[in-house]
Amino acid sequence: MSAQTSTGAGTQAIGAAGASGARVFEEVLLEVRNISLSFGGVKALTEISFDIRKGEIRAIIGPNGAGKTSMLNVINGFYHPQEGTITYKGEVRRQMRPYQAAKQGIARTFQNVALFKGMSTLDNVMTGRLLKMRTNLFWQALYWGPNLKEEIRHREFCEHIIDFLEIQAIRKTPVGRLPYGLQKRVELARALAMEPELLLLDEPMAGMNVEEKEDMCRFVLDVNEEFGTTIALIEHDMGVVMDISDRVVVLDYGRKLADGPPDEVRSDEAVIKAYLGVGH
Amino acid sequence: MSPAAGDAGLDTFPKLLLHHARVRPERPAMREKDFGIWQTWTWSQVAEEIRALACGLAELGFRRGDRIAIIGDNRPRLYWTMCAAQALGGVPVPLYQDSVATEMAFVLDHAEVRFAVAEDQEQVDKLLEIKDRCPTLERIVYDDVRGMRNYGQDFLSAYERVVEAGRAYDRANPDFFQAEIAKGSGGDVSIFCYTSGTTGNPKGVVLTFDNILITARNAAEMEGLTEKEEMLAYLPMAWVGDHIFSYAQSYAVGFCCSCPESGATVMEDLRELGPSYFFAPPRIFENILTQVMIRMEDAAAFKRRFFHFFMDHARKWGIRLLNGQSVPLGPRLVYWLGNLLVYGPLKNTLGFSNIRLAYTAGEAIGPDIFDFYRSLGINLKQLYGSTEASVFIAIQPDGEVFADTAGKPAPQVEIRIAENGEVQFRSPGVFREYYKAPDATAEAKTPDGWVMTGDAGLFDERGHLKIIDRAKDVGRLTDGSMFAPKYIENKLKFFPNIKEAVAFGHERDYVCAFVNIDLGAMGSWAERHNVAYGSYQELAAHPQVGQIIKGHVEQVNRDLAADPQLAGTQIRRFLILHKELDPDDGELTRTRKVRRRIVAERYDSLIQAMYAGDPSVHASIEVTFEDGRKGRLEGDLEIIEAATYPDSGQTARQAAE
């Protein structure tokens, strides 16, 4: 993989990543402050504040219904919180639509795979390039002239992603025919095709077997390391979360329970009580 | 005189590289599918790459006689590493890319490897894990930089950096590369091929340039290979077959060798590439055929009948056409039409449109499978070879291709059958020695160059070599006739309904056998014939199943009767086992080979009953479940008598006339 696919950011890691796992990040990429979100009388999120720093892998965990997915939806502009502010790349965001978030470099995958089932893997990944296309519908329909050149350029980029995620063998397979684990990988590929600065992953390892999980972990780490992409992920597998994330925020009933490095969170009384449980 | 000497001193691979770069600089030498496109390197580009790499390795301290391990999938850069090392007088040691770290440690240590070139992070991780146990290993070069960013060890170098440094070194020492190549000669060691070793540790087979090049050239000459061939390199680089087909013959003749995108895309890459020269073990040909047949079963009724009509026609006439025998005009025209409508499109889908020559070897191939490909007009042939022979021992010549032989001795190869039936050979390809194992060398090779293969075989009346079994498994019946269990078992296993078979007969009056039915094939039969069953055991005990298997056994007996040397070993009695032979119970190896001794011990009472002439037997056997628990499986098994055919070859030949 060459550097040309990088977002240009590069990791801002201070000190070496590795066995110690103590990577330190300074620059804040996104900050949410006192976010509250409710649907009618249901309070989904209550005064949540945390930040995501450039280059880190940030996990959001919590029991079912804790508001994790709502939090991601707030970040990528799908939900609009009633209170609080979101600062992204130093700019305070007000109302924002998902496509604006996408334009600013936020990509995501979904808890329930949301791919175009009838389209091939390659076509699905190519849709991730849509925002980067310059030619208009007319030229695209003709597939000639300036569009041809552009299409080839984007295809080349997508091929790098396909190579990176090792899904060459299913390049031409309609995604509806793929097993679940591979569909998740295709979804990740599509998100990466956007060259995101911030990648939101909603349960990337749900429903996978151990081997698929290991592969996915490897890919998440590789994406973070090679492209310098900042990653925020929701995950229920505590082994995975504790292994790959730099910092963890814990939600419960829409409130923030804890926030810190995995080791700290793991030994937090409130977290153990609400979520992790005690060994009997 | 050997062809190697005829080619004006082109007796090593690096010399051939320079030769091709001069004679056919613009011809493709290697391709690799990368980022969805076939990337091509011409001979002159490959020569440049190898020159830079060799200089880079020299700059890192690689010296004449050093060993360099090569670990990874088939990648152009790894093939180039072989040639670069050879240019410097070093010896490449390719390793199986899927071996675990401890297996690698043995080879690395045994071959005293100083350098290793690994494909990617996965292989580097394995090497780092065992580096402490390999004191000679000094430097690891990796090809794919992905995931390697945070590896700070100073003995790790990226391939690209090595090449860069090599270019600088080359500019400073422009004569170095050529001078190093000129120092090599045909008698030098070319490669260590470690045999996978089913028993004990692997053995390092030392092959010289002469061994490999003369053998590769002889075979290429016999088959008329040219620089226009296309070859897909997809079998492990550590296997001598890949080394000969993808590397040695490519250099010997100057044809292009292509690397697939990944292990999972081989079949698709095959279709896109359409190679003209192809090798695959029988298993792969079998899988392809099964897939075709399954897809045809799903096709519309009209298409299916259309397909079967033309395939039946091909079976009748296609092989005769391929062999150049006379065929009347009518069938010729129908075949031509079939080629237009069925055979051509089918071959295109499989990637076999351009095949001029395809080999299969390694184990016996089912005659139906073999005939299927030949009837389509694909020149599929069998060969018999070994690492110790630089592959080729026997090849089927064009026009003399039979499903049940391994062919005639390859050019310059002498074959003899020893007293005990063992096949022995002598050829220019005979290996020099097993590395650091003089005892093993002396055991395998006589001082005058004959090599023991450990395989039992015989020559039939056409002068073709037939491999029947491992020599140590061949026994004798009490009447003295030769008993080759695997030969009989293979004949049984060619029937899709039979998954596994074990034949007994050594020091007995006649042959008896155990059979395992194939639950997939028999289950689908049961479904179509409304036969209800709840388990493997129930289906295996069904009387109709017994009758079907009896028919298969009798067919095998008919085949055996046609061969005077084996006619005495027809199967008199057999039973269908009530459980599948299983590696968990130690009855099969992990690669699914029957462990005869253990099967004979565990089922001793059943064997006694078969030879005692009982009509049925009560079986009770301990089984191990997947979670490690043990239980007993009981049942009454019927012992079935099969008809035998006392006449030998005589009647069969008369019938054929």
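Considering every Cα-Cα pair within the range B:203-262, what fraction, in whole percent, is farther apart than 16 Å?
Values: 765 of 1770 pairs.
That fraction is 43 percent.
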Kirkwood Rh, angstrom, chain A [1 / mean 1/r, Cα pairs]: 19.6 Å
Kindly give the semi-axes, whole Å and largest first, of the ellipsoid equivalent to the range B:3-279, taking each as the square root of 5 times a Cα gyration tensor eigenvalue. 26, 22, 20
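Based on alpha-carbon atoms only, what is the radius of gyration of the protein assembly as shown relative to the globular estimate 2.2 N^0.38 Å? Kindly include the intermediate steps, with their values, before the conclusion.
Numbers: Rg = 32.3 Å, N = 937, 2.2 N^0.38 = 29.6 Å.
Taking the Cα Rg and dividing by 2.2 N^0.38 Å, one obtains 1.09.
Treat the count of other C-beta atoms within 10 Å as a stand-in for reagent exposure and order B:C55, B:C259, B:C512 from fewest to most. Please list the in-between numbers first.
Values: B:C55 29, B:C259 25, B:C512 22.
The most exposed by this proxy come first: B:C512, B:C259, B:C55.
DSSP loop trypsin sites (Lys or Arg not before Pro) in the range B:147-200 with at most 14 other Cβ atoms within 10 Å of their Cβ, which ones?
Numbers: sites: B:R149, B:R161, B:R167, B:R171, B:K183; in loops: B:R149.
Qualifying residues, ordered by number: B:R149.
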Student exercise, the range B:3-279 dipole from Lys, Arg, Asp, Glu Cβ charges, in Debye to nearest 20: 560 debye
Per DSSP H run of at least 4 residues, take -39500 (n - 2.57); add these up for chain A, divide by its residues and hand me the 222 nm value, nearest 500 deg cm²/dmol. -9500 deg cm²/dmol
Cα principal axis extents for the range A:108-194, largest first, Å: 38, 22, 22
If the only charges are +1 at each Lys and Arg Cβ and -1 at each Asp and Glu Cβ, what is the size of the charge dipole of chain B around the Cα centre, to the nearest 20 debye? 1180 debye
How big is the range B:475-656 in terms of Cα radius of gyration and Dmax, in angstroms? 16.5, 57
Between B:F35 and A:E83, how high is the FRET efficiency from 1/(1 + (r/R0)^6) when r is the Cβ-Cβ distance and R₀ = 45 Å? Nearest 0.05. 0.40
Given backbone amide H placed at 1.01 Å from N, residues whose amide H is under 5 Å from that of B:G454, ignoring those fewer than 5 places away on the same chain, are B:V423
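Tell me, B:W43, B:W336 in order of fewest to most beta-carbon neighbours within 10 Å? Working shown, then result.
Working: B:W43 26, B:W336 12.
Fewest-to-most Cβ neighbours within 10 Å comes out as B:W336, B:W43.
Tell me the net charge near B:V430. Cut-off is 9 Å between Cβ atoms, B:V430 excluded, with +1 for each Lys or Arg and -1 for each Asp or Glu. Mind showing how you got there, number by number?
Values: positive: B:R426, B:R432, B:K445; negative: B:E388.
The answer is +2.
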The Cα extents of the range A:144-280 along the principal axes, largest first and rounded to whole Å, are 64, 29, 25
Can you compute the helix-only [θ] at 222 nm over chain B? Use -39500 (n - 2.57) per DSSP H run of at least 4 residues, normalise by all residues, nearest 500 deg cm²/dmol. -11500 deg cm²/dmol
Cα-based Rg of chain B normalised by 2.2 N^0.38 Å, two decimals: 1.04
Over the Cα atoms of the range B:421-543, Rg to Rh with Kirkwood Rh, two decimal places? 1.16
Do you know the relative contact order of the range B:3-279, to the nearest whole percent, from alpha carbon pairs under 8 angstrom that are 6+ apart? 22 percent
Considering the zone a paramagnetic label at B:K303 would reach in this model (a point 7 Å from Cα along the Cα-to-Cβ line), which residues of the range B:507-548 have amide N under 12 Å from it? none
Only counting other Cβ atoms within 10 Å, I'd like B:Y359, B:Y277 sorted with the fewest neighbours first. B:Y359, B:Y277
With B:Y536 itself left out, Lys, Arg at +1 and Asp, Glu at -1 over residues whose Cβ is under 13 Å from its Cβ give -3
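Express the C-alpha Rg of the range B:268-394 as a ratio against the empirical globular expectation 2.2 N^0.38 Å, rounded to two decimals. Mind showing how you got there, number by number?
Details: Rg = 15.3 Å, N = 127, 2.2 N^0.38 = 13.9 Å.
With N residues counted in the range B:268-394, Rg over 2.2 N^0.38 Å equals 1.10.
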Read phi for every residue in the range A:30-43 and hand back ³J(HN,Hα) as whole Hz from Karplus 6.51 cos²θ - 1.76 cosθ + 1.60, θ = phi - 60°, with x for Gly and Pro. 9, 10, 10, 10, 6, 6, 10, 9, 9, 10, x, x, 8, 8
Compare the Cα positions of B:G200, B:A182, B:F279 along the charge dipole of the range B:177-330 (+1 at Cβ of Lys, Arg; -1 at Cβ of Asp, Glu; about the Cα centre) and return the one farthest towards the positive end. B:F279
Could you work out the mean projected area of the convex hull around the alpha carbons of the range A:20-167, in square nanometres to one decimal? 12.5 nm²
Once each part is reduced to its C-alpha centroid, what is the distance from the range B:253-304 to the range A:214-254 in angstrom? 40 Å
Quick one: dipole size for the protein assembly as shown, taken about the Cα centre, charges +1 on Lys/Arg Cβ and -1 on Asp/Glu Cβ, in debye to the nearest 20. 2300 debye
Tabulate in residue order the Karplus-calculated ³J(HN,Hα) for the range B:262-274, using 6.51 cos²θ - 1.76 cosθ + 1.60 with θ = phi - 60°, rounded to whole Hz; enter x for Gly and Pro. 7, x, 7, 9, 3, 5, 5, 5, 4, 5, 5, 7, x
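Between B:E641 and B:Q412, what length in nm is gained on full extension when 0.36 nm per residue of separation is reduced by their alpha carbon distance?
Details: separation 229, 0.36 × 229 = 82.44 nm, distance 4.77 nm.
Full-extension gain reported as 77.7 nm.
Order these peptides, A:93-99, B:340-346, by their mean beta-carbon neighbour count within 10 angstrom, highest first. Please list the in-between numbers first.
Working: A:93-99: 12.6, B:340-346: 16.1.
Packing order, densest peptide first, comes out as B:340-346, A:93-99.
So, counting K/R as plus one and D/E as minus one, what does the shell of residues with Cβ under 15 Å around B:T102 add up to?
On the way: positive: B:K126, B:K131, B:R133; negative: B:D98, B:E103, B:D109, B:D125, B:E129, B:D132.
Overall, the nearby charge balance is -3.
Since every read-out is calculated from the coordinates, none of them should be taken as a lab result. Every value quoted in this text rests on a predicted model; they were computed, and no experiment measured them. Every residue, glycine among them, receives a Cβ derived from its backbone with ideal geometry; neighbour counts consider all protein chains shown.
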